[in-house]
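These notes concern the structure reproduced below.
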Amino acid sequence: MIQALQNDRNESVLRALSDPRWDFRTIPGIARDVHLSEDEVASALADLGDQVRRSDVPDRLGRPVFTLKSRPTPALESLARLRNFLAKSRTKERYERVGRLCMGCDTPEKIRDLLVRHEDAPNWFAEVLVLQRLSHAARH
């Protein structure tokens, strides 16, 4: 009986996250839509860990937001991640270090391979730098 209730709860939360009107959902928003408590929604999100991801970027009120892992990362989230990264301490030092690593890489593949292996460059940052290198190369 308890398992069936948890399955129903989890399915309701998945349906709320699948709503095409929203890229991301907050726990209070999901709770309101599916008529569950915020604690129940948080528990369901924990149960659905392999299907759900929490964004690195909170909403404008600072609350965590969630989406399905199957959804692509929106461009605005990538830009917000980049902005947050650049705002952190030691950012200039990290950016310069990663930039120096890229010098001499003549193809995007070499840059990507280098950055993906480098501990200071998460995948999203590597992609931004690859695009930056490509646009720079296209202008020259």
Filter region 27-62 down to residues that are small (Gly, Ala, Ser) and not in a helix (DSSP H, G or I) and give me whichever is nearest to Leu14 (Cα to Cα). Gly49
Answer residue from region 46-72, given it is among the hydrophobic types (A, V, I, L, M, F, W, C) and in contact with a Lys or Arg (Cβ under 8 Å, 6 or more places away or on another chain) and is farthest from Ala16 (Cα to Cα) among those: Val57
Going through (1) surrounded by 15 or more Cβ atoms within 10 Å (Cβ to Cβ); (2) without any contact (Cβ under 8 Å) to a residue 24 or more places away in the chain; (3) over 18 Å from the mean Cα position of the chain (by Cα) one by one, Arg53 fails only at (3)
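Read-outs throughout are calculated quantities, based only on the coordinates presented, and are distinct from any laboratory measurement. All figures in this text were calculated on a predicted structure; none of them were measured in a lab. Methodologically, a virtual Cβ is constructed for each residue, glycine included, from the backbone with ideal geometry; neighbour enumeration extends over all protein chains shown.
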